[in-house]
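Structure record follows, encoded as structure tokens.
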Amino acid sequence: QPAEEPEIQLVDKQYLDDLLKNYSLSVTHLSNYLRCPVAFYFNNIIRVPTPQNEYMAFGSAVHFTLEALFRKMLNDGGKRFPTKEEMLADYRYYMKLLQHNFIPEQYERRLQYGLEILPAYYDNYINNWSKIVTVERVFRNIIVEGVPLNGKMDKIEFDGKLATVVDYKTGNPENAKKKMKPPVPNADPNISTGEELHGGDYWRQALFYRLLLDYDNSKDWEMQAAEFDFVEPDKKTKEYIKQRVTILSTDIEAIKGQVKYAYTNIKNHNFSKGCGNDDCEWC
């Protein structure tokens, strides 16, 4: 734990109350607040403009491409998926749309990289993909014990009422392992890392999705697991990896605690103490 946590001056209380009037919590906001209240304040409340970096832009292009792939299959009555060539044409189109986020060398490198990994990803899964799915499903104003939540899921696969929520990830699957871990029991807040205290970001995402499905009164879907689908192959084995997070009832209580903690603190303007970590741009 760093010796000194920076403190900041907040803008006018009335202005913050207005900004937070109809506030609802997403999993990104939850993770950002738990990581650093000061960074959360500037990035998510005041919304200081920051450019998308090449990794985010590339990730967006891949997400859009896979969404289009499944939407076209659904629009065809669930009969067949578009061809690989059509998928790659969509990828080129989305990369072009997001080109302003890249410097020219990055753009060329990322474009080529996508054209290399997406066909192999397609070949790997085309015969196994479920066609009983919904894509880019939006959840708004889901109330969990008094806290309004919102979220969007890349894809939900169904087996009757049983739902598996699929989230696409770009990046090296190896780096994701620690993000899947639940909090360490009885972790000491004075010496533990954020991940030991609060669990990894992907673990939290899986649990948050479970809350959205459990508390959505308009659906009777039962979420059995979250699956993180890595669109980039493992660097060593070149294999495509899916990681499942199975959900325990103790985890559901833990995520509810995090949701209530973050929401209450956000509504009470508790943003002035930062994390104090060296790699935090605001601390």
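Observations
- Qualifying residues in segment 160-183 (those that are assigned to a strand (DSSP E or B) and open to solvent by 20 Å² or more (accessible area, probe 1.4 Å)) - the one nearest to Y263 (Cα to Cα): K169
- Scanning segment 115-156 for residues that are touching a residue at least 40 places away in the same chain (Cβ under 8 Å) and among the acidic types (D, E), we see that the one that is most open to solvent (accessible area, probe 1.4 Å) is E145.
- Selection of first residues in segment 263-283 that are more than 11 Å from Y33 (Cα to Cα) and of second residues that are open to solvent by 70 Å² or more (accessible area, probe 1.4 Å) and aliphatic (A, V, I, L, M), restricted to Cβ pairs under 7 Å at least 6 apart or on distinct chains, gives an empty result.
- Listed conditions (1) without any contact (Cβ under 8 Å) to a residue 40 or more places away in the chain; (2) aliphatic (A, V, I, L, M); (3) farther than 12 Å from F271 by Cα are all met by V11, apart from (3).
Residue by residue, here is whether (1) open to solvent by less than 30 Å² (accessible area, probe 1.4 Å); (2) not β-branched (V, I, T) holds:
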{"position": "T50", "(1), (2)": "no, no"}
{"position": "A57", "(1), (2)": "yes, yes"}
{"position": "K72", "(1), (2)": "no, yes"}
{"position": "E85", "(1), (2)": "no, yes"}
{"position": "F102", "(1), (2)": "yes, yes"}
{"position": "E108", "(1), (2)": "no, yes"}
{"position": "Q112", "(1), (2)": "no, yes"}
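- A68 being touching a residue at least 40 places away in the same chain (Cβ under 8 Å), surrounded by 14 or more Cβ atoms within 10 Å (Cβ to Cβ) and among the small types (G, A, S): no
- Options D90, D123; residue that is assigned to a helix (DSSP H, G or I) and either of a type in the set (V, I, T) or farther than 21 Å from D234 by Cα (or both): D90
- Single residue of segment 192-241 satisfying the filter (open to solvent by less than 20 Å² (accessible area, probe 1.4 Å) and aromatic (F, W, Y)) that is farthest from V147 (Cα to Cα): F230
- Checked against the criteria, V184 does not count as touching a residue at least 60 places away in the same chain (Cβ under 8 Å) and within 22 Å of the chain's Cα centre (by Cα).
- No other residue among E196, E157 is over 17 Å from the mean Cα position of the chain (by Cα), assigned to a strand (DSSP E or B) and among the charged types (D, E, K, R) apart from E157.
- Matching residues, segment 87-96, being open to solvent by 20 Å² or more (accessible area, probe 1.4 Å) and touching a residue at least 24 places away in the same chain (Cβ under 8 Å): L88, D90, Y94
- Test for D234: is it charged (D, E, K, R), touching a residue at least 40 places away in the same chain (Cβ under 8 Å) and either within 21 Å of L20 (Cβ to Cβ) or touching a Phe, Trp or Tyr at 6+ places or on another chain (Cβ under 6 Å) (or both): no
- Residues of segment 44-65 satisfying the condition of being without any contact (Cβ under 8 Å) to a residue 60 or more places away in the chain and in a helix (DSSP H, G or I): N44, E54, M56, A57, S60, A61, F64, T65
- Residue list for segment 74-83, restricted to those being open to solvent by 90 Å² or more (accessible area, probe 1.4 Å) and either among the aromatic types (F, W, Y) or not in a helix (DSSP H, G or I) (or both): K79, R80
- Residue match in segment 251-270 (condition: of a type in the set (G, A, S), under 24 Å from H198 (Cβ atoms), modelled with pLDDT under 95 and surrounded by fewer than 15 Cβ atoms within 10 Å (Cβ to Cβ)): no
The values are calculated or read from the model by the stated rules, or taken from the named source; none is laboratory data. For clarity, every value in this text was computed on a predicted model and none was experimentally measured. Glycine also receives a Cβ, built like all others from the backbone with ideal geometry; neighbour counts cover every protein chain displayed. What goes into the accessible areas is simple: the full protein's heavy atoms, side chains included, and nothing from ligands, DNA or RNA. Shrake-Rupley method; radii C 1.70, N 1.55, O 1.52, S 1.80 Å.
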